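> Would you mind keeping the following structure in view while I ask a few things?
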Amino acid sequence: MSSFAPGALDGVRVLDLTQFVLGPYATQTLGDLGADVIKVEEPTGDRQRGGKAPNSKTMGPTYVALNRNKRSVVLNLKEEPGRRALRRLLKTADIFIHNMRPEAIARLGFDYEAAKVIKPDVVYVEAMGYDPAGPYAGRQAFDDLIQSAAGACGLTAMVDKDAVFRPLPTIIADKTCGLFAAIACLAALRHKERTGEGQYVCVPMLETFTGFLMAEHLYGETYLPATGHFGHTTTITPHRRPFRTKDGWLSVLPANREQSARYLALGGIPNAYETERFTSAPAGGGRVDAYYGMMDEATSTRTTEEWMVLCAENNIPAMRANLPEEIFDDPQLKETLFETRELEGEGAYRAMKPGLRFSKTPVSIRRDPPPLGRDTDEVLAEIGADAETV
């Protein structure tokens with residue numbers, strides 16, 4: 001492992017009993033910030049370890065994307081030696097985080113009431129599907145289920161009436177709630193720093209994600225009685241889309257009419273707002289349609305790169321719109337996000353560097369995603385235990 005300047009959470013130990021996406025995303029974020037994240041896995045490993053890997057069945061792509069800056073320890077918590085080792089580890093931890101169902105963690109003997117006996121000042125973070133105060137308490141939760149209940153399946157229909165009623169094509173509920181879990185850890189650590197007190201923290205997915213998703217979409221339903229329609233007007237307009245260039249796509253968001261006119265002139269439509277095409281269109285929606293028709297026509301006259309240069313020179317907000325497979329060739333992302341690294345046992349892999357930047361406590365990839373159980377001996381030795389006995 002290379003030498004790095006310590007991150008902001010250097011000295012903080014996280015005991016990570018999470019699987020799937022939400023928890024690993026949260027703990028990876030803490031690891032990026034410098035925490036010592038000990039990933040406790042059952043003998044079969046995190047369920048995301050499966051998938052295509054060059055040389056193994058335990059280093060799948062999703063696992064690799066979510067588990068850098070961690071140490072992997074295998075403990076069989078169904079047996080007393082494994083539980084005993086975990087209790088010893090818990091005594092050294094600042095944060096204990098899991099996303100098991102409450103009854104499952106209680107059966108193992110590591111619910112909050114048991115954990116705080118072992119480590120009274122522990123920050124205990126439990127991610128679950130639904131707030132225990134509501135009627136869904138205890139139900140199983142996965143990303144699609146949370147997106148469904150939160151209203152995400154109907155968002156695209158606000159723009160396209162023919163859209164299929166389905167979740168957004170990303171594991172957005174898990175990742176969003178993972179970030180909220182990381183934020184919760186930081187807030188609880190701050191409280192502990194001031195008071196010496198640990199505490200129990202619940203991260204309910206449905207409530208957390210719905211609040212995130214609907215912050216702008218309550219819109220006209222914000223007041224009682226309602227003052228307008230549901231859905232943020234600017235967000236759900238069908239005109240919110242990239243325009244096709246000669247060789248790709250471009251998103252353009254002129255900040256005012258002057259910028260719009262300048263852009264249209266660069267695309268071969270001078271004095272656009274004075275043309276008969278615009279002035280003869282019906283006021284309101286008709287002129288909006290005419291404007292976006294001219295934007296389509298103007299954008300098609302140049303390549304994406306030509307527009308990138310011209311818009312920068314003319315102070316017009318614009319950005320290339322990449323297809324998913326084009327992000328690897330984006331000049332900004334090639335410089336700042338993607339890095340080729342070597343993964344133990346697998347060879348070269350494409351890593352996405354943490355996006356945050358700190359001048360004093362930098363984020364970094366200190367550890368590549370670990371093979372299953374790689375760090376068991378090292379971690380257990382730190383607490384005076386023997387891997388042979390667990």
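> Mind checking which pairs have a first residue in the stretch 148-160 that is in a helix (DSSP H, G or I) and a second that is open to solvent by 60 Å² or more (accessible area, probe 1.4 Å) and modelled with pLDDT of 90 or more, Cβ under 6 Å, 6 or more apart or different chains?
If the second residue must be open to solvent by 60 Å² or more (accessible area, probe 1.4 Å) and modelled with pLDDT of 90 or more, the pairs left are C153/F165; C153/R166.
> Looking at the stretch 134-163 only, could you name the residues that are more than 19 Å from G23 (Cβ to Cβ), open to solvent by 70 Å² or more (accessible area, probe 1.4 Å) and at pLDDT 95 or above?
P135, Y136
> Which residues, counting only those in the stretch 335-346, are modelled with pLDDT under 95 and either at negative phi or touching a helix residue (DSSP H, G or I) at 6+ places or on another chain (Cβ under 8 Å) (or both)?
Taking the stretch 335-346 and keeping what is modelled with pLDDT under 95, we get 344-345.
E344 - this is the single residue of the stretch 335-346 that is modelled with pLDDT under 95 and either at negative phi or touching a helix residue (DSSP H, G or I) at 6+ places or on another chain (Cβ under 8 Å) (or both).
> Please verify whether A281 is modelled with pLDDT of 95 or more, over 39 Å from the mean Cα position of the chain (by Cα) and open to solvent by less than 70 Å² (accessible area, probe 1.4 Å), treating the condition exactly as stated. Reasoning before the result, please.
On the way: modelled with pLDDT of 95 or more: yes; over 39 Å from the mean Cα position of the chain (by Cα): yes; open to solvent by less than 70 Å² (accessible area, probe 1.4 Å): yes.
So A281 passes the test.
> Answer yes or no: is there a residue in the stretch 95-102 that is in a helix (DSSP H, G or I), of a type in the set (S, T, N, Q), under 30 Å from L206 (Cα atoms) and open to solvent by 10 Å² or more (accessible area, probe 1.4 Å). Write out each step before concluding.
Initially, the stretch 95-102 is screened for residues in a helix (DSSP H, G or I), giving 102.
Subset that is of a type in the set (S, T, N, Q): none.
Checked the stretch 95-102: no residue is in a helix (DSSP H, G or I), of a type in the set (S, T, N, Q), under 30 Å from L206 (Cα atoms) and open to solvent by 10 Å² or more (accessible area, probe 1.4 Å).
> Sticking with this one: Go through the stretch 290-326 and report how many residues are assigned to a helix (DSSP H, G or I), in contact with a Phe, Trp or Tyr (Cβ under 8 Å, 6 or more places away or on another chain) and not small (G, A, S). Before the answer, list the steps.
Residues of the stretch 290-326 assigned to a helix (DSSP H, G or I): 290-299, 304-313, 324-326.
From what's left, in contact with a Phe, Trp or Tyr (Cβ under 8 Å, 6 or more places away or on another chain): 290-291, 294-296, 298-299, 304, 311.
So of that shortlist, the ones also not small (G, A, S) come out as 291, 294-296, 299, 304, 311.
So the count comes out to 7.
> In contact with a helix residue (DSSP H, G or I) (Cβ under 6 Å, 6 or more places away or on another chain) and at pLDDT below 95 - does that describe any residue in the stretch 11-24?
Scanning the stretch 11-24, I find at least one residue that is in contact with a helix residue (DSSP H, G or I) (Cβ under 6 Å, 6 or more places away or on another chain) and at pLDDT below 95, so the answer is yes.
> Can you tell me which residue within the stretch 164-176, out of those that are under 30 Å from D94 (Cα atoms) and aliphatic (A, V, I, L, M), is surrounded by the most Cβ atoms within 10 Å (Cβ to Cβ)? Break it down into steps so the answer makes sense when it comes.
Our first condition is that a residue be under 30 Å from D94 (Cα atoms); within the stretch 164-176, this holds for 171-176.
Checking the rest, the ones that are also aliphatic (A, V, I, L, M) come to 171-173.
Values: I171: 19, I172: 19, A173: 31.
Looking at residues that are under 30 Å from D94 (Cα atoms) and aliphatic (A, V, I, L, M), I get A173.
> Kindly list, by first and then second residue, each pair from a residue in the stretch 81-105 that is farther than 12 Å from M128 by Cα to a residue that is among the polar types (S, T, N, Q), limited to pairs with Cβ atoms under 9 Å and residues at least 6 apart or on different chains.
Between residues of the stretch 81-105 that are farther than 12 Å from M128 by Cα and residues that are among the polar types (S, T, N, Q), the close pairs are P81/T389; G82/N76; R83/N76; R84/T389; A85/T389; I95/T27.
> Identify, by number, the condition in (1) modelled with pLDDT under 95; (2) among the polar types (S, T, N, Q); (3) open to solvent by less than 50 Å² (accessible area, probe 1.4 Å) that T389 doesn't meet.
The failed condition is (3).
> Report the residue count in the stretch 231-258 for those that are open to solvent by 40 Å² or more (accessible area, probe 1.4 Å) and more than 25 Å from G286 (Cβ to Cβ).
So the answer is 3.
Here's the yes/no breakdown for (1) without any contact (Cβ under 8 Å) to a residue 24 or more places away in the chain; (2) assigned to a loop (DSSP other than H, G, I, E, B); (3) of a type in the set (F, W, Y); (4) open to solvent by less than 30 Å² (accessible area, probe 1.4 Å):
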site: P6; (1), (2), (3), (4): no, yes, no, no
site: F20; (1), (2), (3), (4): no, yes, yes, no
site: G34; (1), (2), (3), (4): no, yes, no, yes
site: K57; (1), (2), (3), (4): yes, yes, no, no
site: Y63; (1), (2), (3), (4): no, no, yes, yes
site: N76; (1), (2), (3), (4): no, yes, no, no
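> Would you list the helices (runs of 4 or more DSSP H) that sit entirely within the stretch 165-254 and hold 3 or more residues that are of a type in the set (A, V, I, L, M), touching a Gly at 6+ places or on another chain (Cβ under 9 Å) and at pLDDT 95 or above?
Details: elements: 172-195, 205-213, 233-236.
Those helices (runs of 4 or more DSSP H) span 205-213.
> Could you please give the count of residues in the stretch 177-226 that are in contact with a Lys or Arg (Cβ under 7 Å, 6 or more places away or on another chain) and open to solvent by 30 Å² or more (accessible area, probe 1.4 Å)? Steps first, please.
The initial filter retains those residues of the stretch 177-226 that are in contact with a Lys or Arg (Cβ under 7 Å, 6 or more places away or on another chain), namely 198.
From the residues that got through so far, the ones that are open to solvent by 30 Å² or more (accessible area, probe 1.4 Å) too are none.
Here the count works out to 0.
> If we keep just the residues of the stretch 250-264 that are touching a residue at least 60 places away in the same chain (Cβ under 8 Å) and out of contact with any helix residue (DSSP H, G or I) (no Cβ under 7 Å at 6 or more places or on another chain), which is farthest from M308 (Cα to Cα)? Walk me through it before giving the result.
Here is the first cut: in the stretch 250-264, the residues touching a residue at least 60 places away in the same chain (Cβ under 8 Å) are 250-255.
Still in the list and also out of contact with any helix residue (DSSP H, G or I) (no Cβ under 7 Å at 6 or more places or on another chain): 251, 253, 255.
Working: S251: 10, L253: 13, A255: 16 Å.
Among those that are touching a residue at least 60 places away in the same chain (Cβ under 8 Å) and out of contact with any helix residue (DSSP H, G or I) (no Cβ under 7 Å at 6 or more places or on another chain), it is A255.
> A further question follows. Quick one: would you say A318 is closer than 30 Å to Y273 by Cβ and of a type in the set (A, V, I, L, M)?
Details: closer than 30 Å to Y273 by Cβ: yes; of a type in the set (A, V, I, L, M): yes.
Here the answer is yes, as A318 does meet what is asked.
> Considering (1) of a type in the set (D, E, K, R); (2) touching a residue at least 12 places away in the same chain (Cβ under 8 Å); (3) open to solvent by 80 Å² or more (accessible area, probe 1.4 Å); (4) under 30 Å from E326 (Cβ atoms), say which one D296 fails and leave the rest.
(3)
> Something else now. If P369 meets every condition in (1) within 30 Å of G34 (Cα to Cα); (2) surrounded by fewer than 17 Cβ atoms within 10 Å (Cβ to Cβ); (3) not aromatic (F, W, Y) apart from one, which number is that one?
The failed condition is (2).
The values are calculated or read from the model by the stated rules, or taken from the named source; none is laboratory data. All values derive from a computational prediction rather than experimental measurement. Quick reminder, even Gly has a Cβ in these numbers, built from the backbone with ideal geometry, and neighbours come from all protein chains shown. Remember, those area values only see protein heavy atoms, side chains included, never the ligands or the DNA or RNA. Shrake-Rupley method; radii C 1.70, N 1.55, O 1.52, S 1.80 Å.
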